[in-house]
Amino acid sequence: MKRLVFIVEGYSELEFIDKLVRPYFAEHYQFYQIEAFCLQTSTGNKGGFGKYKQLKDDIQRIIRGGNTNVIVTTFLDFFRLPNSVPEYQKMLKESNIDKKISILEDGFSKDIKSNKFIPYIQKHEFEALLFSDNCGFEELYEKKIYTKTQAIIESYPNPEEINNNPDTSPSKRLIRILNEYGDTYDKVTEGNLIAEDVGINKMLEKCPRFKAWIETLVERVIEDKE
């Protein structure tokens, strides 16, 4: 059985893989060999995407160590990417956000040069997934807060379309709403509590790029089982 290894940029994403993605593969595909870890960026491995070389070194180290029995993927926010990633300058010349991300993902693939690697960049950021349904906000916050998150959800055709600017990204919008009422946003704890209430099936239903990525991973898992 292959190992499916997720490289993520922070503890929010690490917990997300552990609590939502791993159970999804276990329930639907009886695939348990899932591992996830944060980018090794500093002493203590605190996560965060600093330089592309660090990510490349991690990917190549896992692929070399896994022989034929490993698939490596990434779960990185588009807004947090450093300018050292492949094709970054080419990406800047493109205006369409989906094409920008495709250019970067293709750049990752060409640079890593391995069919064991499946790059994925989350459109805008992790928090976009939280807006797949308002139930997570309703469970965690007061009505005056979740009324405003519902208004955001209703303003866009899908959560991955919620803005294209780091200053008005899904997380910044949530932070502003909470700050308005004297509250703050704990990305790791609250982000994942909301994600658990929403559930991965709703995210797959509402977020087309996220769905395409999970389906690609599923295809590779099924290929291995056959």
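Quick rundown of the values:
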item: Those residues of region 82-100 which are in a loop (DSSP other than H, G, I, E, B), within 22 Å of residue 171 (Cβ to Cβ) and either touching a Leu at 6+ places or on another chain (Cβ under 7 Å) or at pLDDT 95 or above (or both), in sequence order; result: 85
item: Tally of residues being part of a helix (DSSP H, G or I), touching a residue at least 12 places away in the same chain (Cβ under 8 Å) and under 15 Å from residue 153 (Cα atoms) across region 164-194; result: 6
item: Hey, residue 37 buried (at least 17 other Cβ atoms within 10 Å of the Cβ) and outside any helix (DSSP H, G or I) or not; result: no
item: Restricting region 129-163 to residues that are in a helix (DSSP H, G or I) and of a type in the set (S, T, N, Q), the residue that is farthest from residue 208 (Cα to Cα); result: 147
item: Every residue from region 54-80 that is outside any helix (DSSP H, G or I) and open to solvent by 50 Å² or more (accessible area, probe 1.4 Å); result: 67, 68, 69
item: Residues satisfying the stated conditions in region 139-160, i.e. in contact (Cβ under 8 Å) with a residue 40 or more places away in the chain, surrounded by fewer than 20 Cβ atoms within 10 Å (Cβ to Cβ) and among the charged types (D, E, K, R); result: 139
item: Selected residue (criterion: nearest to residue 12 (Cα to Cα)) from residues of region 51-76 that are in contact with a Ser or Thr (Cβ under 9 Å, 6 or more places away or on another chain) and of a type outside the set (Val, Ile, Thr); result: 55
item: In region 197-217, the residues that are more than 16 Å from residue 122 (Cα to Cα) and surrounded by fewer than 16 Cβ atoms within 10 Å (Cβ to Cβ); result: 201
item: Yes/no for residue 36 being touching a Phe, Trp or Tyr at 6+ places or on another chain (Cβ under 7 Å) and not polar (S, T, N, Q); result: yes
item: Cβ pairs under 6 Å, 6+ apart, first in region 79-108 and among the acidic types (Asp, Glu), second part of a loop (DSSP other than H, G, I, E, B); result: 105/119
item: Qualifying residue in region 117-128 (condition: among the aromatic types (Phe, Trp, Tyr), modelled with pLDDT under 95 and surrounded by 20 or more Cβ atoms within 10 Å (Cβ to Cβ)); result: yes
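The values are calculated or read from the model by the stated rules, or taken from the named source; none is laboratory data. Quantities reported herein were computed from a predicted structural model and do not represent experimental measurements. For neighbour counting, all protein chains shown are included, and Cβ atoms are generated from backbone atoms with ideal geometry for every residue, glycine included. The accessibility values were calculated without ligands, DNA or RNA, using every heavy atom of the protein model including side chains. Shrake-Rupley method; radii C 1.70, N 1.55, O 1.52, S 1.80 Å.
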